Amino acid sequence: MRHYLIVIMSVLAVLAANVVLDVCTDVPMLIRWAFSIGVGLFVTAVLNRFSQRRHARNRPNEVSGL
């Protein structure tokens, strides 16, 4: 997966989490954004791991970094 797609998906996850928390709860803005950023970091880690596994599966004989 291309890196810019991971970034776009992470940003969308942060915004979606913030909107959902805003609509459904009365949590203060600072806590809402902190939780949303945590969700974004989690999404980034999951997508990055998925991308690395997919890359390794598609190119098993390729030496990484070359």
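The values are calculated or read from the model by the stated rules, or taken from the named source; none is laboratory data. Fair warning: this is a prediction, and the values are worked out from it, not measured in the lab. Note that each Cβ is placed from the backbone with ideal geometry, even for glycine, and that neighbours are counted across all protein chains shown. Protein only, heavy atoms only, side chains kept; ligands, DNA and RNA dropped before computing areas. Shrake-Rupley method; radii C 1.70, N 1.55, O 1.52, S 1.80 Å.
Numbers for the structure displayed
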read-out	value
In degrees, nearest ten, helix 29-58 long axis to first principal axis of the chain (Cα)	20
Accessible surface of the chain, 1.4 Å probe, proportion on carbon and sulfur as whole %	68
Sequence-separation-based contact order of the chain, relative, with Cα cut under 8 Å and 6+ spacing, percent	40
Extension reserve of the Arg49-Asp26 stretch, reckoned as 0.36 nm per residue once the Cα distance is removed	4.9 nm
Burial order of peptide ranges 17-28, 38-49 (average beta-carbon count within 10 Å, highest first)	38-49, 17-28
Of Phe35, Pro60, Ile8, farthest towards positive along the dipole that unit charges on Lys, Arg, Asp, Glu beta carbons give the chain	Pro60
Average accessible surface area per residue within the chain, 1.4 Å rolling probe, Å²	83
Value at 222 nm in deg cm²/dmol, rounded to 500, when DSSP H runs of n ≥ 4 in the chain each add -39,500 (n - 2.57)	-28000 deg cm²/dmol
Relative frequency of Cα-Cα separations exceeding 18 Å in the chain, percent	48
Net length gained if the chain between Val11 and Arg57 were fully extended (0.36 nm per residue, minus Cα distance)	13.9 nm
Rounded accessible area of Met9 (nearest 10 Å², 1.4 Å probe)	100
Cα-centred dipole magnitude for the chain, charges only on beta-carbon of K, R (+1) and D, E (-1), debye, nearest 20	440
